[in-house]
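S.K.: Below is the structure I would like to discuss, written out as structure tokens.
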Amino acid sequence: MKKPGIGVSHAKVILLGEHAVVYGQPAIALPLTDLAMTVKIESREAGQVVLSQSYQGPLVAMAEVYEGIRQLINRLLQHFKSDEMPFTMTITSNIPQERGMGSSAATAIAIVRAFFDFFDESLSKQELQRWASIEEAITHGSPSGLDTATAAHDEAVWFIKGQQPEKIDMSLDGTLILADTGIQGQTGLAISVVREHLTNDPEVGQQHIDKIGEIVKATREAIAENNLAKIGHFMNEAQKHLSALGISHPKLDELIMAARHAGALGAKLTGGGVGGTMIAITKDDEQTARVIKALEDAGAQEVWTQNYTNDK
């Protein structure tokens, strides 16, 4: 019996640059290492079975929202000339789905790593990205590639579509707070909303895209300098442009304002928008506790935190 194949990955959060990154602007994403994904592939007597929190059943019966995963698994089986190989794939995750944290990309990364581990083959970072992009392209239509880039790295990532992701200097002492609106975000729909803006009012739409790009470039320096006040300011500015592009939501706006009024240095949506998750940045434990309470009082369905420490 072959040894099991194991693949791991983690969630990510886009700090700045979502949507603009689809149109050639840079984005900055941070890893959320406390939100993890593990995929285990084991041999079995017969059948190809997938077991996860949201789906338990045969591979051939996966459909609709799981189509990207099914296609990826089939391509990997073909690659390893094992189309009919019986297996059980167990997917274990505490990454929330459709909340802008890269759940589908993390799943794809972990599946690819598990297959290559199962067949005891080496896997370069470039190959990992290429394989994972199969699932993302099917699931999200026209993804930037940022989710898969960040799920595959344990450090902050500077990303421009079509280029290899760069590790960026991160000298940061602060806490990122993530709060769930309770409304399922829809990345594909949000991409369509932005595309419609750019089609029907290209001059104004492009101004917002370009402005977000400028903000991201300035934020890279602020991250290296551990300037939380500047980062917070840039987050607030970016939210104005994202809102103007039509991808905020009344519940997102409510949580963002609650965080700011409670003392957050900055707050904005993250990921696709039109629901999903917002983020806020704080400088110390006292500020963090106040913001978390304000978000819960404002109706956040769930709140997560990720601490970043300057070890330099």
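S.K.: Looking at ALA294, ALA264, ALA218, ALA289, which one is outside any loop (DSSP other than H, G, I, E, B) and either closer than 30 Å to TYR23 by Cβ or in contact with a Cys (Cβ under 7 Å, 6 or more places away or on another chain) (or both)?
M.R.: Going through ALA294, ALA264, ALA218, ALA289 in turn, just one is outside any loop (DSSP other than H, G, I, E, B) and either closer than 30 Å to TYR23 by Cβ or in contact with a Cys (Cβ under 7 Å, 6 or more places away or on another chain) (or both): ALA218.
S.K.: With the checklist (1) hydrophobic (A, V, I, L, M, F, W, C); (2) at pLDDT below 95; (3) under 20 Å from the mean Cα position of the chain (by Cα) in hand, flag the one item VAL39 doesn't pass.
M.R.: It is condition (2) that VAL39 fails.
S.K.: If you don't mind, another one. Filtering region 61-102 down to residues that are at pLDDT 95 or above, of a type in the set (Val, Ile, Thr) and surrounded by fewer than 16 Cβ atoms within 10 Å (Cβ to Cβ), which residue is nearest to GLU45 (Cα to Cα)?
M.R.: Filtering first and then ranking leaves THR88.
S.K.: Got a sec? Which of VAL49, VAL65, VAL21, VAL60 is of a type in the set (Val, Ile, Thr) and under 16 Å from ASP147 (Cα atoms)?
M.R.: VAL21
S.K.: The conditions are (1) in a strand (DSSP E or B); (2) closer than 28 Å to ASP120 by Cβ; (3) in contact with a Ser or Thr (Cβ under 7 Å, 6 or more places away or on another chain), and SER9 fails exactly one of them. Which is it?
M.R.: Every listed condition holds for SER9 apart from (3).
For (1) in contact with a Ser or Thr (Cβ under 9 Å, 6 or more places away or on another chain); (2) aromatic (Phe, Trp, Tyr); (3) crowded, with 17+ Cβ neighbours inside 10 Å, each residue gets a yes or a no:
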residue: GLN207; (1), (2), (3): no, no, no
residue: ALA222; (1), (2), (3): no, no, yes
residue: LYS240; (1), (2), (3): no, no, no
residue: MET257; (1), (2), (3): no, no, no
residue: THR270; (1), (2), (3): yes, no, yes
residue: MET278; (1), (2), (3): yes, no, yes
residue: ASP285; (1), (2), (3): yes, no, no
residue: ALA298; (1), (2), (3): no, no, yes
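S.K.: Does ASP210 meet the test of being more than 24 Å from PRO250 (Cα to Cα), assigned to a helix (DSSP H, G or I) and among the charged types (D, E, K, R)?
M.R.: In short, yes.
S.K.: Test GLU136 against the stated conditions and say whether it is within 28 Å of SER248 (Cβ to Cβ) and either in the same structural domain as ASP34 (by TED's automatic domain parsing) or in a loop (DSSP other than H, G, I, E, B) (or both).
M.R.: Judged against the criteria, GLU136 is a match.
S.K.: Can you tell me which residues in region 272-305 are among the polar types (S, T, N, Q) and either assigned by TED's automatic domain parsing to the domain that holds ASP34 or in contact with a helix residue (DSSP H, G or I) (Cβ under 8 Å, 6 or more places away or on another chain) (or both)?
M.R.: First, pick out the residues of region 272-305 that are among the polar types (S, T, N, Q): 277, 282, 287-288, 301, 305.
Residues satisfying the conditions are THR282, THR305.
S.K.: Under the condition of being more than 21 Å from SER82 (Cα to Cα) and in contact with a strand residue (DSSP E or B) (Cβ under 8 Å, 6 or more places away or on another chain), which residue from region 46-60 is surrounded by the most Cβ atoms within 10 Å (Cβ to Cβ)?
M.R.: Per the criteria, the residue is SER52.
S.K.: Limited to region 155-196, what total is found for residues that are in a strand (DSSP E or B) and of a type in the set (Gly, Ala, Ser)?
M.R.: 2
S.K.: Oh, and also: Does region 114-133 hold any residues that are charged (D, E, K, R), at pLDDT 90 or above and assigned to a helix (DSSP H, G or I), and which are they?
M.R.: Within region 114-133, ASP117, GLU127 qualify.
S.K.: Here is a list: ALA29, ALA105. Which entry is touching a Lys or Arg at 6+ places or on another chain (Cβ under 6 Å) and surrounded by 24 or more Cβ atoms within 10 Å (Cβ to Cβ)? Show your work before the answer.
M.R.: Details: ALA105 fails: touching a Lys or Arg at 6+ places or on another chain (Cβ under 6 Å).
One residue alone meets the criteria, ALA29.
S.K.: For GLU203, work out the one condition from (1) within 20 Å of the chain's Cα centre (by Cα); (2) free of Cβ contacts under 8 Å to residues at least 24 places away in the same chain it doesn't fulfil.
M.R.: Failed condition: (1).
S.K.: While we're looking at this one, here's another question. Surrounded by 16 or more Cβ atoms within 10 Å (Cβ to Cβ), acidic (Asp, Glu) and under 21 Å from LYS268 (Cα atoms): is that true of ASP147 in this structure?
M.R.: yes
The values are calculated or read from the model by the stated rules, or taken from the named source; none is laboratory data. These figures come from a predicted structure and were not determined experimentally. Here the Cβ is made from the backbone with ideal geometry for all residues, glycine too, and neighbour counts use every protein chain on show.
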